[in-house]
Amino acid sequence: FVTGATYCEVGPGDRVAQVANPSFDPVTFEVWNTLAAGATVVMMPAVAETPLEQWIASLAAHRITVVFLTTALVDMVHRAAPGAFATLRVLLFGGETADPEMARGLCTVRPPERVLHVYGPTEATTFASFFPCTAENLAGLDRIPIGFPLQDTTLRVVGPDLDAVPDGESGELCIGGPRIATAYLGQPGLTAERFVVMPDGERVYRSGDLVRRRGDGALEFLGRKDRQVKLRGFRIELEEVERAVVATGFVTAAVVEKAGEGMAAALIGFVVPKSPTDTRADALPRLLSRALADTLPGYMVPRRWHVADSLPVTRNGKVDRPALLARLSDNARAAAGS
């Protein structure tokens with residue numbers, strides 16, 4: 001992962017922000033890529049633990065040239081202060097579905113020298129692919145590709161029997177190369193399920209991510225096999241609904257979850273409005289439901305909406321989905337008490 005990295009070259013003159021929780025795998029990039037290149041690691045507080053204006057100012061104050069943030073945190077900073085990353089040489093972001101309009105904003109409003117959308121599960125050592133974002137190559141896209149393989153990495157799109165899937169068709173992403181983990185500690189069954197040997201002898205990791213390969217070779221992320229839910233007999237990919245919600249243009253971030261069971265089950269949408277005028281209690285849900293009715297079947301349109309200024313994030317900077325569902329329980333108890 002460190003040796004011969006060409007997707008994001010770090011040199012002795014760089015100052016790389018160490019922002020990630022030490023238990024979060026991007027710390028591998030922040031520390032080891034930096035030290036191996038003779039560059040400087042600059043310890044910085046987490047974005048969520050510091051007043052945002054102060055954190056943004058610290059990028060310039062500490063002369064930071066390279067930083068990785070999760071998609072949720074980049075969106076938070078960019079919405080609060082467009083152009084906040086202008087002093088950077090390279091901004092890397094990833095970990096969650098990204099709003100193409102947000103990314104286009106990063107590339108047009110006082111942009112860093114380079115913006116990279118990166119992807120990779122922990123089992124493949126931090127990043128496995130990258131996509132250089134520019135205003136030109138993001139034009140007209142409704143999703144940001146996860147892109148092309150890093151050095152010494154293979155990315156295969158396969159069917160259920162590990163057979164190759166033609167370009168343009170969806171399949172599971174299998175990742176190969178020397179950075180693939182050895183095993184899950186103490187879990188031989190799970191290890192055998194997820195780490196497999198291909199017919200040509202290469203050992204790969206079955207990511208559980210659904211992707212398809214574009215004509216230019218870049219991969220597009222379509223969703224997770226294990227985030228498929230059933231609602232009154234219909235199978236629903238939650239990521240597909242989330243992408244459709246963001247594509248309406250009314251929100252900058254969206255999370256959709258299934259709550260309840262049986263006939264009481266419903267899809268719940270948690271959203272951050274793009275315009276402050278859309279924060280009225282009834283306006284945004286009505287706009288979203290009407291827009292989605294044109295693009296999704298009725299059973300895929302969330303029944304309830306929760307509008308917030310921001311979505312809760314974990315210590316690793318990813319959207320805290322359990323916390324969102326806990327809000328539902330808290331609201332239900334409050335309603336029952338009243």
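Key figures for this structure:
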{"item": "5 angstrom amide H check on Ile144, placed H, neighbours 5+ away", "result": "Ala98"}
{"item": "Dipole axis of the chain (+1 Lys, Arg; -1 Asp, Glu on Cβ), positive-most option in Ala164, Phe127, Val241", "result": "Val241"}
{"item": "Longest DSSP-loop-exposure-free segment, GluC sites (Glu not before Pro), the chain, at most 13 other Cβ within 10 Å", "result": "1-112"}
{"item": "Antiparallel DSSP beta bridges within segment 15-147, percent to nearest 5", "result": "25 percent"}
{"item": "Rg to Rh, two decimals, where segment 154-223 supplies the alpha carbon set and Rh follows Kirkwood", "result": "0.99"}
{"item": "Largest-first principal axis extents of the Cα set of the chain (Å)", "result": "60, 53, 41"}
{"item": "Using a Förster distance of 30 Å, the FRET efficiency for Val165-Ser275 (Cβ separation, nearest 0.05)", "result": "0.15"}
{"item": "Residue-by-residue Karplus 3J(HN,Hα) for segment 33-49, coefficients 6.51, -1.76, 1.60, Hz, glycine and proline x", "result": "4, 5, 5, 5, 8, x, 8, 10, 8, 10, 6, 10, x, 5, 4, 6, 9"}
{"item": "Share, in percent, of DSSP beta bridges within the chain that are antiparallel, nearest 5", "result": "70 percent"}
{"item": "Kirkwood-Stokes translational diffusion coefficient of segment 15-147, alpha-carbon pairs, 37 °C, 0.692 mPa s, µm²/s", "result": "221 µm²/s"}
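Since every read-out is calculated from the coordinates, none of them should be taken as a lab result. Just so it is clear, the structure is predicted and the values come from calculations on it, not from any experiment. Cβ: placed from backbone, ideal geometry, glycine included. Neighbour counts: every protein chain shown.
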